[in-house]
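Okay, structure first, notes after.
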Amino acid sequence: MKPLSPGKYLLSCKEKSPIAAAMNGHSAVWPAAEAVSDGERVVLFKDGKQVYSCNARYAAANFEVTPLS
């Protein structure tokens, strides 16, 4: 899987329920969060506060990615 390129995104959980998201460690992101990638690390935010971070390859593989303008 190719890492998430630098930019701003909306990352949505692939899990279908908050319980499934929690089981995968994504409860802070459920159902979606804004994200900023530098091409290596991705930081996710809700209401302007950091709620999660991961590497860019993990983000690309484990979340639905929508670019933000």
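Values in this text are rule-based calculations from the coordinates and carry no lab data. Model, not experiment: these values are computed from the prediction. Note that we place each Cβ from the backbone using ideal geometry, even for glycine, and neighbour counts take in every protein chain shown.
Observations
- The candidate values were [x] 38, 19, 18; [y] 49, 19, 14; [z] 30, 28, 18; the one computed from these coordinates for Cα extents along the principal axes in Å carries the label [z].
- Partners for Lys49 among aspartates and glutamates (Cα-Cα distance below 12 Å; same-chain residues under 8 apart left out): Glu34
- Computed from label points 7 Å out along Cα-Cβ, the spacing between Asp38 and Ser69 is 2.8 nm.
- Given charges at beta-carbon only (K, R positive; D, E negative), |dipole| of the range 7-67 in Debye: 60 debye
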